Amino acid sequence: MKMARALVGVLVMAVAAVAGPETNGQYEQKHLPYDFDFLEPAIDTKTMFVHWSTHYAGYVRNINLVVAEDENASAIVDKPLEIIQRDITTLGPFARNNAGGAYNHGFFWTILTSVSSSSQMKPSPALQAAIDKAFGSFDAMKESFSTAAKSVFGSGWAWLAVKDGELFVVSTANQNNPLMKGVNGRQEVLIPILGLDVWEHAYYLKYQNRRAEYIDAFWGIVNWDKVSQYFEEFASKGKPVPV
Amino acid sequence: MSFLSSVPCAMADGDFYKLPDLPYDYGALEPSIDATTMQLHHDKHHATYVKKLNDALKEKKPRATNLADLQAEAMKLGSTVRNNGGGAYNHALFWRMMAPVGKGGEPSEALQKAINAVWGSKEGFQEAFSKAATAVFGSGWAWLIVKKGGLEITTTPNQDNNLMISGSGIPILGIDVWEHAYYLKYNNRRPDYVKEWWKVVNWSEVNNNYENYALKGIPVPA
């Protein structure tokens, strides 16, 4: 494991020397809050590396291009990433896809943690009460979320999201998210506090077509402290989570 | 072409459609497409589309009696039939539209003429097609279709195809750009996958699709 970490470290430096994380535009490619191997064995090191350094980087680069070059983009200049999601569809599919991708991934890294850390965590009393109210139990919520995640056809995300203080499980296609008004046949906006990327790039190297196994493993690496904080400090106050 | 596959395809009573064997070994399209991907792609992904389609059609009764004709009804029959009927069809054609490097031949005179009419040359067509394939966001396919006697490049999301919308053309060549089609070997580098895929395009099959089906207004059979 140490050898693998050292090799990945060298690889990271090599990539950084060539491409670098995206830090030159309005939106920054945020560093992972942990090393690439931190989520093993639930999510493999190579996936974390490729996912963060290529997919996420690409979305950030592209939304920064929109800010810099799209003359219709004045509405999003100097606005936080979580705020621009709501009306991003008005700027067209390129803006929506990449603003969504940048937000979704920036958000995703923060709600995951190591297997050992996650095993010490659980939803806060306030979050648990909301879960019980909406789903009946924690297990019922997991079941509902897992079903949604399995049912996404093609690329997309499953979310646990808040509207008017209540919890819902929703899924979105591609890099859409529930903060976006008028997508996925919904005019209403919901505020995500937990999300799972089910694009194949998120799991294929380790799980191949076995998405259900990936979803099971995901439950072992959820950062419930973060998710609870997102619920109490942001979502239940009607504020989108900043990333 | 020899038929080599280790997938036993036993057809249960009452199944609408039978998973076709790959027309070659798993490793036949190396190095463009790796053997592991071919095995997973056919034995898991394609097989699952076929199974779910067959299960769904035990409840729904389509007018079509074959998979190609089913495409036109797919959207009416609900999302399970649309997604899995599309997946079953698209992949059945996909394997045949590829051949080992050096075995795929070239566009026929008739097809090349039609290509030149729109894109000026084979290279012009390839560039336009590659661009479309790279630009698909999320999961989907890029296609060369025949519409009103002429050629067009289209893209479709997920497992949709042009046969699902009446009058929108007959596919004769397609590339799967779902990440499962290329991720193990190429990771995020879809442009590299598309570039290598050209080396395994089976133009003999595409010529046949064009002249014997699409030009006659008939969908290519699966």
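Looking across region B:46-67, the residues that are farther than 9 Å from B:Ala88 by Cα, part of a helix (DSSP H, G or I) and away from chain A (no Cβ under 14 Å) come down to B:Asn54, B:Asp55.
For region A:113-136, state whether one or more residues are within 14 Å of chain B (Cβ to nearest Cβ), within 19 Å of the chain's Cα centre (by Cα) and under 28 Å from A:Ile83 (Cα atoms). Looking for residues that are within 14 Å of chain B (Cβ to nearest Cβ), within 19 Å of the chain's Cα centre (by Cα) and under 28 Å from A:Ile83 (Cα atoms), one finds none in region A:113-136, hence no. Among residues that are over 25 Å from A:Thr90 (Cβ atoms) and without any contact (Cβ under 8 Å) to a residue 60 or more places away in the chain, A:Gly165 is not included.
So in region A:48-64, with the set limited to residues that are at the interface with another protein chain (Cβ under 10 Å from one of its Cβ atoms) and in contact (Cβ under 8 Å) with a residue 40 or more places away in the chain, which one is surrounded by the most Cβ atoms within 10 Å (Cβ to Cβ)? Among those residues, the one meeting the criterion is A:His51. Does A:Val67 meet the test of being farther than 15 Å from A:Gln175 by Cα, loosely packed, with under 15 Cβ neighbours inside 10 Å and away from chain B (no Cβ under 14 Å)? Considered against the rule, which asks whether it is farther than 15 Å from A:Gln175 by Cα, loosely packed, with under 15 Cβ neighbours inside 10 Å and away from chain B (no Cβ under 14 Å), A:Val67 comes out as no. Going by what's in this entry, would A:Asp164 be described as away from chain B (no Cβ under 14 Å) and farther than 29 Å from A:Pro41 by Cβ? Judged against the criteria, A:Asp164 is a match.
Taken over region A:70-96, residues that are over 18 Å from A:Pro240 (Cα atoms), within 14 Å of chain B (Cβ to nearest Cβ) and part of a helix (DSSP H, G or I) amount to 3.
For region B:195-205, the count of residues that are away from chain A (no Cβ under 14 Å) and of a type in the set (A, V, I, L, M) is nonzero. Within 18 Å of B:His46 (Cβ to Cβ), buried (at least 20 other Cβ atoms within 10 Å of the Cβ), touching a strand residue (DSSP E or B) at 6+ places or on another chain (Cβ under 6 Å) and not small (Gly, Ala, Ser): is that true of B:Pro219 in this structure? Against the criterion (within 18 Å of B:His46 (Cβ to Cβ), buried (at least 20 other Cβ atoms within 10 Å of the Cβ), touching a strand residue (DSSP E or B) at 6+ places or on another chain (Cβ under 6 Å) and not small (Gly, Ala, Ser)), B:Pro219 does not qualify. For beta carbons closer than 6 Å, sequence separation of 6+ or different chains, a first residue in region A:226-243 that is of a type in the set (A, V, I, L, M) and crowded, with 17+ Cβ neighbours inside 10 Å and a second that is at pLDDT 95 or above and assigned to a loop (DSSP other than H, G, I, E, B), the qualifying pairs are A:Val227/A:Ile111. Scanning region B:125-147 for residues that are in contact (Cβ under 8 Å) with a residue 12 or more places away in the chain, aromatic (Phe, Trp, Tyr) and over 20 Å from B:Asn208 (Cβ atoms) yields no hits at all.
Yes/no per residue for (1) more than 15 Å from the chain's Cα centre (by Cα); (2) surrounded by 20 or more Cβ atoms within 10 Å (Cβ to Cβ); (3) of a type in the set (Phe, Trp, Tyr):
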| site | (1), (2), (3) |
| --- | --- |
| B:Ser121 | yes, no, no |
| B:Gly124 | yes, no, no |
| B:Glu127 | yes, no, no |
| B:Thr134 | yes, no, no |
| B:Trp141 | no, yes, yes |
| B:Ile145 | no, yes, no |
| B:Gly150 | yes, no, no |
| B:Thr154 | no, no, no |
| B:Asp160 | no, yes, no |
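Within region A:167-211, the set of residues being within 14 Å of chain B (Cβ to nearest Cβ) and among the charged types (D, E, K, R) comprises A:Asp197, A:Glu200, A:Lys206, A:Arg210, A:Arg211.
Go through region B:177-193 and give me each residue that's charged (D, E, K, R), free of Cβ contacts under 8 Å to residues at least 12 places away in the same chain and either facing chain A (nearest Cβ under 7 Å) or part of a loop (DSSP other than H, G, I, E, B) (or both). Passing the criteria: only B:Arg189.
The single condition from (1) free of Cβ contacts under 8 Å to residues at least 12 places away in the same chain; (2) aliphatic (A, V, I, L, M); (3) within 13 Å of chain A (Cβ to nearest Cβ) that B:Ala35 fails is (3).
The values are calculated or read from the model by the stated rules, or taken from the named source; none is laboratory data. Everything quoted here is computed from the prediction, not taken from an experiment. With ideal geometry, Cβ positions are generated from the backbone for all residues, glycine too; neighbour counts draw on all protein chains shown.
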